[in-house]
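Everything below concerns the one structure shown next.
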Amino acid sequence: MDLEFLGGAGEIGRSALLIDDSLLVDFGMDSGNPPAFPIRDPDPEAVVVSHGHLDHVGSLPSLLSGDARPPIHWTPPTADLATLLARDTLKLHGGTYDCPFTEAELARMTQVSHTHGYEEPFEAAGYEITFFHAGHIPGSAHVLIDDGDTRLYYTGDFHTETQRLVAGTTARPDADIVVCESTYADTTRPPRGDIEASFADLLESTLWEGGTVVVPAFAIGRTQEVMSICAEHDLECYVDGMGTRVAELFTQPRNIEYLRDPEAFRRAKGHARFVDGRDGQRKRIAEGNTVIITTSGMLHGGPAMTYVPAIRRHPTNTIALTGYQVDGTPGRDLLETGSAEIDGRVMPVSARVEQFDFSAHADRRGLESFLEPYRGTDTRVLVNHGDRCHAFADELREDGFDASAPELGEPVTIE
């Protein structure tokens with residue numbers, strides 16, 4: 001089995017793994033400024049996709065240019081999320097370098113789409129493929145690829161701890177190779193329940209003091225997690241941005257079975273108030289004593305550009321960041337300097353600013369527990385999707401694993 005990492009090796013973003021020049025696993029983009037795409041455009045016989053985040057699906061429609069029509073295999077939620085993200089990319093960046101595909105190529109995705117459930121083997125490009133629940137977001141999958149001689153287990157993004165939306169992963173099939181993400185290999189976080197409790201306490205205290213809480217959140221997964229927490233604690237909340245469309249998508253009949261507790265999420269969705277932004281609605285909401293969950297998660301666009309300026313001046317108000325803030329983003333600047341560039345203007349913020357680690361990735365303990373069955377075996381572990389892949393691979397070798405970290409574009413042959 002010959003592997004080539006077209007993205008995601010030694011980096012987070014633009015994940016793409018080509019197997020034997022015939023099977024492609026993921027084809028994402030790095031949405032930085034400027035954006036980055038996989039290092040070359042392959043011509044695969046088939047594509048399998050682990051989950052519906054931009055760094056794993058963002059470049060997919062570009063595979064369907066010209067006469068190319070490789071079938072794309074994924075779970076139903078991943079198919080719907082990938083389509084939603086592609087439409088949004090076209091709307092925002094169509095016709096520019098930031099969008100590597102056209103409307104026609106996006107339309108072809110539905111023609112080549114094949115959806116599969118967990119643990120339902122299927123054939124693609126001559127391989128037997130099986131999806132396993134990955135515990136990252138609804139529909140996220142580990143991908144087991146079997147050519148009859150070699151079994152490769154591609155983890156995609158995963159979490160070992162149960163979240164509101166999805167349970168943690170438990171799938172550890174026999175494999176000759178494990179291609180393992182390592183996003184939080186250098187982080188150990190408190191139990192999820194403790195993080196949620198601290199977050200809810202902050203929201204409750206801000207509301208009790210008469211303030212407004214703005215919760216910048218990623219549209220896919222994070223927004224719906226926060227909605228569920230607010231419902232659990234009976235906290236009034238408004239939801240704005242793409243997260244409203246994702247919430248609707250998750251409750252569609254073909255997707256709701258991928259939620260850990262469909263009824264609980266239906267209640268959370270009914271508890272929230274969705275914002276359409278018409279007739280000055282956002283301004284009125286920002287003046288209220290309420291919680292506002294809104295994109296974007298790192299404050300570089302979306303309705304947050306309205307809410308943060310509206311509440312920034314008063315120390316009774318709170319901005320509760322719910323995820324990692326990449327260096328150079330307004331969210332990181334706000335944490336480090338107390339100011340952020342919003343819509344081209346640097347604004348000092350007097351409101352309270354707190355950060356909570358609601359990541360849907362396994363931390364160091366989770367990665368170790370996931371890999372434990374492969375310690376001291378003949379299974380080869382290839383570390384990718386992280387900022388310190390080589391360091392983590394070195395640490396795994398010291399701990400009894402046959403581990404290494406491939407380079408971008410480096411051919412890897414598995415005998």
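Structural remarks
- Accessible area per residue for segment 31-93 is 37 Å², calculated with a 1.4 Å probe on protein heavy atoms, without ligands, DNA or RNA.
- Charge dipole magnitude, Cβ of K and R +1, D and E -1 - the chain, Cα centre, debye nearest 20: 2120
- Measuring only protein heavy atoms, the 1.4 Å probe finds Glu209 accessible over about 110 Å².
- With a 1.4 Å probe rolled over the protein heavy atoms of all chains, the accessible area of Lys269, Lys283 falls in the order Lys283, Lys269, largest first.
- Cβ-isolated cysteines (cut-off 4.7 Å), the chain: Cys99, Cys180, Cys389
- Ranking Thr150, Thr162 by solvent-accessible area of protein heavy atoms (1.4 Å probe, all protein chains present), from largest to smallest, gives Thr162, Thr150.
- Rolling a 1.4 Å probe across all protein chains gives Ile220 an accessible area of roughly 20 Å².
- Positive dipole terminus of the chain, leading residue within His93, Val308, Ala247 (C-beta point charges): Val308
- Per-residue extension of 0.36 nm, minus the Cα-Cα distance of Asp43 and Glu410, leaves a gain of 130.3 nm for this segment.
- When a 1.4 Å probe is rolled over the protein heavy atoms, the share of accessible surface on the chain that falls to carbon and sulfur comes to 45 percent.
- Listed residues Cys180, Thr206, Tyr374: farthest to the positive end of the dipole of the chain (Cβ charges): Thr206
- The order of Glu4, Glu181 by accessible area, most exposed first and with a 1.4 Å probe, is Glu4, Glu181.
- For segment 1-88, share of DSSP beta bridges that run antiparallel, in % to the nearest 5: 60
- Probe 1.4 Å - accessible area at Leu18, Å² to nearest ten: 10
- The packing ranking, built from the mean of other Cβ atoms within 10 Å per residue, places the peptides 135-146, 20-31 in the order 135-146, 20-31, highest first.
- Radius 10 Å from Cβ of Leu371, net charge of other residues (Lys, Arg +1; Asp, Glu -1): -1
- Accessible surface area normalised per residue over segment 146-192 is 34 Å², counting heavy atoms of protein chains with a 1.4 Å rolling probe.
- All other residues whose Cβ lies under 11 angstrom from that of Ser50 are scored, Lys and Arg at +1 and Asp and Glu at -1, for a net of -4.
- With contacts taken as Cα pairs under 8 Å and at least 6 residues apart, the chain reaches a relative contact order of 18 percent.
- Local net charge near Gly28, Cβ-Cβ under 12 Å (Lys/Arg +1, Asp/Glu -1): -4
- Accessible area in square angstrom per residue, segment 234-299, 1.4 angstrom probe: 49
The values are calculated or read from the model by the stated rules, or taken from the named source; none is laboratory data. On a predicted model such as this, the values are computed, not experimentally measured, just so you know. A quick note on method: Cβ atoms are made from the backbone with ideal geometry, for glycine too, and the neighbour counts reach across all protein chains shown. Protein only, heavy atoms only, side chains kept; ligands, DNA and RNA dropped before computing areas. Shrake-Rupley method; radii C 1.70, N 1.55, O 1.52, S 1.80 Å.
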